[in-house]
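Here is the structure we will look at.
The values are calculated or read from the model by the stated rules, or taken from the named source; none is laboratory data. What you are looking at is a predicted structure, and each value in this text was computed from that prediction instead of being measured. Heads up, the Cβs are rebuilt from the backbone with ideal geometry, glycines too, and the neighbour counts pull from every protein chain shown.
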Amino acid sequence: MEDSEIIEMYFSRNEKAVEETDKKYGKYLSKVAYNILENSEDSKECINDTYLNTWNSVPPKRPSIFKIFLAKITRNIAINRYNKENTLKRGKNVIKVCTELEECIDSDYLEGKLDYSRLVERINNFLDKLSIEKRVIFIERYFYLENVKNIAKKHNLSESNVKVSLMRIRKDLKKYLKEGGYYG
C-alpha cells in the first residue's frame, strides 16, 4: 500500500491505518527503537507509542516522507524512554554516539550563543556536501544510532573502514562548524 493511501486512512480516522503502517514499517521502526534501547520489549512498546502518536498527529499533519516521519517519532520516544530509565545496562550505544559527536560540537561554546535551527541548517549544509555513501553512513550512525558493525555489514565495508570514515567526517564537520563560527 502506498504511503499516501495510508495517510488518507489516518485522515479518515480508519483504524486500519495503524495496521497498514505496521505491515509496511513495523520491522524498520523496531530496528530504530532497538538501536537505542537494546531491548526487544521496550522497543515494542516504543512502536505502539509511535502508532498512537501518529494517530494523534495525522491529521492535522500531513507528512511528506512518511517513513522518516515515523522514524523520527520512534527515535524521540526511544531516546526519551532511555533517558527516563537511564540504566547502565542499556543504551551503551547512545552514550558512545553522543561522546563521538561531542568532539564536533562544543556545547559550552554553543550554549546561549546561537539559534539551534541555524546549527541544524549548518549541519544539513555540511551533509549535503558529502558523498551519498558518507552521508548515509553518518545518518545511520548519528540519527538512527546504528552500531558500526551493522553499518559495515550493510555497506560491505570493514568495521575499521567505517570507523575511519566516521572519524574523518566528524573531523570535517568540526572544521566546517568552526569556519562558520559555531565552535570555540
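When the residues of the stretch 20-29 are filtered to those that are crowded, with 18+ Cβ neighbours inside 10 Å and within 17 Å of the chain's Cα centre (by Cα), which remaining residue is farthest from residue 142 (Cα to Cα)? Checked the stretch 20-29; the qualifying residue farthest from residue 142 (Cα to Cα) is 25. Listed by first and then second residue, the pairs linking a residue in the stretch 98-126 that is closer than 24 Å to residue 145 by Cβ to a residue that is modelled with pLDDT of 75 or more and part of a loop (DSSP other than H, G, I, E, B), with Cβ atoms under 6 Å apart and 6 or more places separating them unless they lie on different chains, are 122/180. Considering the stretch 1-75, the qualifying helices (runs of 4 or more DSSP H), each wholly inside and each with 2 or more residues that are at pLDDT below 95, run over 16-37, 40-57.
The residues of the stretch 141-152 that are part of a helix (DSSP H, G or I) and either of a type outside the set (D, E, K, R) or loosely packed, with under 13 Cβ neighbours inside 10 Å (or both), listed by number, are 142, 148, 149, 150, 151, 152. The residue of the stretch 154-175 that is surrounded by the most Cβ atoms within 10 Å (Cβ to Cβ), among those that are within 19 Å of the chain's Cα centre (by Cα) and more than 12 Å from residue 136 (Cα to Cα), is 173.
Of all residues in the stretch 1-19, those being surrounded by fewer than 18 Cβ atoms within 10 Å (Cβ to Cβ) and either closer than 17 Å to residue 53 by Cα or β-branched (Val, Ile, Thr) (or both) number 8. With respect to residue 79, determine if the residue is among the β-branched types (Val, Ile, Thr) and at pLDDT 95 or above. The answer is no for residue 79.
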